[in-house]
Structure formats: C-alpha cells, structure tokens
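Report on the structure given below.
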Amino acid sequence: MVIRYRATLVSIAFVLAFLPSTLAQGNYPTGYFQPPLDFRLLLSGTFGEIRSNHFHSGIDIKTNGAEGAKVYAVADGYVSRIKVSPYGFGKALYITHPNGFVSVYGHLNRYNKAIGDYVKAAQYKGERFDIELFPAAGELPVRKGDIVAYSGNSGGSGGPHLHFEMRDAATQYTINPLLFGFEVKDIYRPKITSIKIYPENETSKLNGSNKPLRFMAEGWGTEHRLANNPTITLSGNISFAIQVNDQQNDTDNKNGPYSVRLFIDSAMVYEFKAESFSFDETRYVNSLLDYEEYVRNSIRLQRTCIDPGNKLDMYGKVKNKGIFTFNDSLVHLIRYEVADVPGNVAMLTFKVRSEKLAVGGQQSAVDSSQFAVRSSKSEVKDNIQPSTFNYNASNHFETASVILDAPQGVFYRSFEFRFDSARQVAGTFSPVYKIHNKYTPVHDYITLGIKPKGLPEKLYDKALLVKMKEESAGYTSAGGTCDANDGFVRAKIREFGNYSVAVDTVPPRIRPVNPESFKSLNGLTAVKFTISDELSGISTYRGTLNGKWLLMDYDAKNDLLIYLIDERLLTGQNAFELVVTDGKGNRSSYKATLVR
C-alpha cells in the first residue's frame, strides 16, 4: 500500500522544520534489511528518476568501476525468480522475504555456486542461454548475509554496478529502496536548473504570447530564483514544468529527486513523489516530462499538466489536472519545493502577474483533453488533410500506400495527426513516409503498414520496415513481415518518425576473438566470438562442442558470445561449431577445432 504525504504547509519556515522528519513515512521496515554490498553505498542512479521511456525502478550502486563485488542477501528468504537475458537486467536474482517484500539484484556477473549450478542445469536442459526460472520456496533458501551473487555489467548496463530494488511481494510494485533505511550519506539539497511555463490553449498568454518559455534558475538550497529576475505575466490556462537533479555525497552523478511540489500563493496545487510504481506505468514517464524538449535537447522537464490519457499513480494532490487559470489583476507567488529522501529541501520562488482574459476568452482548466499537442508542422501532400487522433478511441489512417492502426490508450492526449512523404532512398523499396513527428510520444505499440514498390516476390520474406536516421544517412530496422495477400509490409512500432521498406539478405557476421589460441587453450578461461548483423538483428545462435549443445553467454551490447571453459572441453581436439541467424532467416556458421 502506498502512503502519500498530503499535509498542507502554510509557511516556508514550517516546511523546513516539518519536512525532513516526515518525508519518508510509509509502511516500510527500516531496520530489517542489511545492505546488499559490504562497502559504503554510493549511488549512480536513484529510484524514479527519468530515463529513456521509463522510470528507473531501483537504485544503482557503484562497485568501484569493477565487476566481482560480493552481493549479499539483504534478509532471510528464498530465491523466487531467476532471469538471465542479454538485455535489461542481464543476470538477475529475486529473493522473497517472509515480511512481504522482494529484493532484486540486477546486472550480475555470476551467481553463487548453488544458484549458478541450478541455472546452468536449466540452461542445458532447455538448450538456451536466456532463461527465466521460478524455484519453489524450499529449493534455494538463503539467510541474511549469504553471498548470493557477484556484481557485474550484464544486460543493458552501461558500466559495472549493482542495480538493486525492493518490491511488494503481493503486487510486484517496485518501492524506493531508500525508504527501507539503507544508509546513503546525503547532505546535499537538490539543484533546480530551470522551469518552463506553457500557455495551454490558443487564448492563454505568457508575456503576451501563446508560446511556452523556459526560464533559467540560479541560487542554491531554499534560495533558488529565476535568473535576471524576469517579468512574467500570465493569462488564461497555464501549466508549469521544472528541471531538477539531486546529488549525494562523494559522487558526481546527477540523479532524480524524491518529491516535487508546486504552490501558488499558499496553496499546494501539484505533488509528485517517487515512492512506488507498477511496471505497467513506467512508460507514462513520456507524459510526465516535456517529451519534445527531451527529444530535441535532452532536457528533462517534469510537467504539472496531467494528460487525460496519463494513468500514472505517482501523483499526489494535483489541482485541475495541473493546469491553472490566471484571470485576475493580482500578483501571485509561485513556489516549487523539491526534496530528496533524507529531507534535504530546495525551493524556487518567483512572482507572476495575472491578467484578465479578453472578453469571450474565459476558460475551464479541468479538461486538458481539449488542448492540442504542439508539434512540428510538415507540408501535407496529395490532398491528404490532417486527421484528429483521439486519445480515448482507436484511430485509423489510410492511403493507397500506408495504413496506420492505433488502438485506444496509446496516446496521452488528442492531436492533429500529420502525414507526408519524401523521395525514395537508395536501397529501399518505397518513398520515405513521414508518420507524424518524433516529438509526440506513443505509449504502446501501433501497427504501421507500407506497400513497397518494385519488391520482387522472391524477397517478400526478407522485407521489413526501416526507420530513417535523421541525423545521418541510413536506417535501422523496425521489424515486420510482408503479407503476400495484400503486399503490405507491417510492423509494430512505438515511435512516430520517417519510415520506409527495405530488405535484409545479408547473413550475420561471426568473428573469433584470438583464433590463434584455439590451437592450445591450456591456461585460458574463455573462448570468445563477436557476432553482429547489419539490419534485422541477431535472432538465434547455437554453439555445439563435439556435437552437443554448448552454453555460451551472450553480451548483446558488446556483440560478444563467450564460452567459459569447463569440463565439457575435453583433452585433445574438440569439434566446435557456431550457427547464427538474423531476424530474416539469413544464416552464418563457423567451425573450428579447439585443442586442450
């Protein structure tokens, strides 16, 4: 159960006195769990911070830039889940505890012997590296302080560290681990970098204009202010956004804050807290932030406006869906309060002058579905008019060459869908179709179909959709298959952008690392290969040793396949073969004799 702090604060002095002691309240035991590592916890990532297309679901603990740190069970329990993948958390471990919580350990290098043997046996039985296991409660018990694994850099990790989570066992909601009392030294207040103000419809004004403006912030702690003391006049329906980061002692990493609250005069009108969330909600991060600002400039601005299709449950008290009406002639005090889990508070205070709306311009700020997304405009050719896409309905768009189907719930708000086309690029089989623009987020998969031109029937099974690179020449795979019945190539996509049709007829590449060592592997610990594919990506790989399936770890981010030498490599000559296929069935093989 998520406990949200909803107290109304009447003065800055009261906030400072009250907030640090109450911020982390919740039904979380603070003396039950020990740290997962046996050295001081330094964080490179905090819970709930904004990442690409998701909220960070745990804390990232530094391991001194190296792999192999001992990872300890934080309490008694049993291993309830093991997942091994080339992506995501890589080698991950889940331990269920008797008090109703689950601890999660990700990007591991390896497991302890008992767990490792259990996993390896299952991998050989299923003849696959990537695997997900759910041991019964009595199969792999652990005690508090047991070494259960060793830290690593597996999966989608960007460097050696331990990803650590705490989850509710009943709901699988992930919870901020710092609320469980894990000690992380932190005396620094969050840093507020900028804010942005948005007129939310055509009659709303900011300094007489209908365009949003970003204002830089300066100062420190509770004394943040807007740079150059700008004059700000507001009229009509207005929303706000803030750019902020947090930092702990003895680390340079800029992480996300725990809570953000906005006050207009003395009334709290917006509250957000990174306490807990469901994994079903994580992609709503694209509605929380100013998505266009993030795509254009890599700036993370947390918006107050809650889109009508945004079902995120991390908000607290929010007035009028985060859109506020200014329609008087008064000066109003705007105050942002940002805090971390230990209770270090930062504040930004500034004044705005409200102006009365023009005659006939009175607005209601409750229903934000009426406010169109601001997006880049493109020329619409072939007499195709913009179509209104409704966030609360399924949407269909069709021309002779393009079909787009979007189910209900994949957009956060309604908008005018734009379509255009450009000349065909060499090596493709259709013009480049501009499917709206990349500045409008898509929450879930939509189906895009493009009819190719001049595609030989013999290449139907090699056809796929490709997303054009805007910053350079070329394209990347969007997947999909060609339907022989109507000739359309269809794929599930999750981003708007520029798409075309291409084919993949090139098999993957297999390259041995240090093949000269194959003639004498004595004293070595591993045999390595790089595998890569130009377009559709690696689909399957299979290594065999003396005719039997061989376990090879797949490090996808580095295109590496690794066989850790074990008793299966016999003394003398061993016949090795590796077969790799890509997403379009193109196949490569490599044979070698490995000598021990």
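Observations, loosely collected:
- Total residues in region 415-441 satisfying the condition of being under 24 Å from VAL285 (Cα atoms) and either in contact with an Asp or Glu (Cβ under 6 Å, 6 or more places away or on another chain) or in contact (Cβ under 8 Å) with a residue 60 or more places away in the chain (or both): the figure is 7.
- Note on region 200-253: among residues that are exposed (fewer than 14 other Cβ atoms within 10 Å of the Cβ), without any contact (Cβ under 8 Å) to a residue 24 or more places away in the chain and not in a loop (DSSP other than H, G, I, E, B), the one that is nearest to the chain's Cα centre (by Cα) is MET216.
- Subset of region 478-512 (residues that are free of Cβ contacts under 8 Å to residues at least 40 places away in the same chain and surrounded by fewer than 19 Cβ atoms within 10 Å (Cβ to Cβ)): THR481, ASP483, ALA484, ASN485, ASP486, GLY487, ARG511
- The listed residue being among the basic types (Lys, Arg), surrounded by 17 or more Cβ atoms within 10 Å (Cβ to Cβ) and in contact (Cβ under 8 Å) with a residue 24 or more places away in the chain, out of LYS311, LYS321: LYS321
- For region 553-596, filtering for residues that are closer than 21 Å to GLY155 by Cα and polar (S, T, N, Q) leaves 2.
- With respect to the conditions (1) without any contact (Cβ under 8 Å) to a residue 12 or more places away in the chain; (2) crowded, with 18+ Cβ neighbours inside 10 Å, GLY116 lacks only one, and its number is (2).
- When each of SER369, SER287, SER364 is tested for being modelled with pLDDT under 95 and not in a loop (DSSP other than H, G, I, E, B), the lone residue that passes is SER369.
- Members of region 95-113 found to be among the hydroxyl-bearing types (Ser, Thr, Tyr) and in contact (Cβ under 8 Å) with a residue 60 or more places away in the chain, listed by number: THR96, SER103, TYR105
- Being in the same structural domain as ASN245 (by TED's automatic domain parsing), within 16 Å of SER266 (Cα to Cα), surrounded by fewer than 18 Cβ atoms within 10 Å (Cβ to Cβ) and touching a residue at least 24 places away in the same chain (Cβ under 8 Å) is a condition met by no residue of region 293-308.
- Selection of region 86-132 for residues being over 25 Å from VAL580 (Cβ atoms) and in contact with a helix residue (DSSP H, G or I) (Cβ under 9 Å, 6 or more places away or on another chain) yields LEU93, PHE101, SER103, TYR111.
- Among (1) under 31 Å from the mean Cα position of the chain (by Cα); (2) outside any strand (DSSP E or B); (3) not hydroxyl-bearing (Ser, Thr, Tyr), the one test that ILE562 misses: (2)
- Within region 268-280, considering residues that are under 23 Å from ASN320 (Cβ atoms) and without any contact (Cβ under 8 Å) to a residue 60 or more places away in the chain, the one nearest to the chain's Cα centre (by Cα): PHE272
The values are calculated or read from the model by the stated rules, or taken from the named source; none is laboratory data. As the structure is a prediction and not an experimental result, all values here were calculated from the model. All Cβ positions, glycine included, derive from the backbone under ideal geometry; neighbour counts span all protein chains shown.
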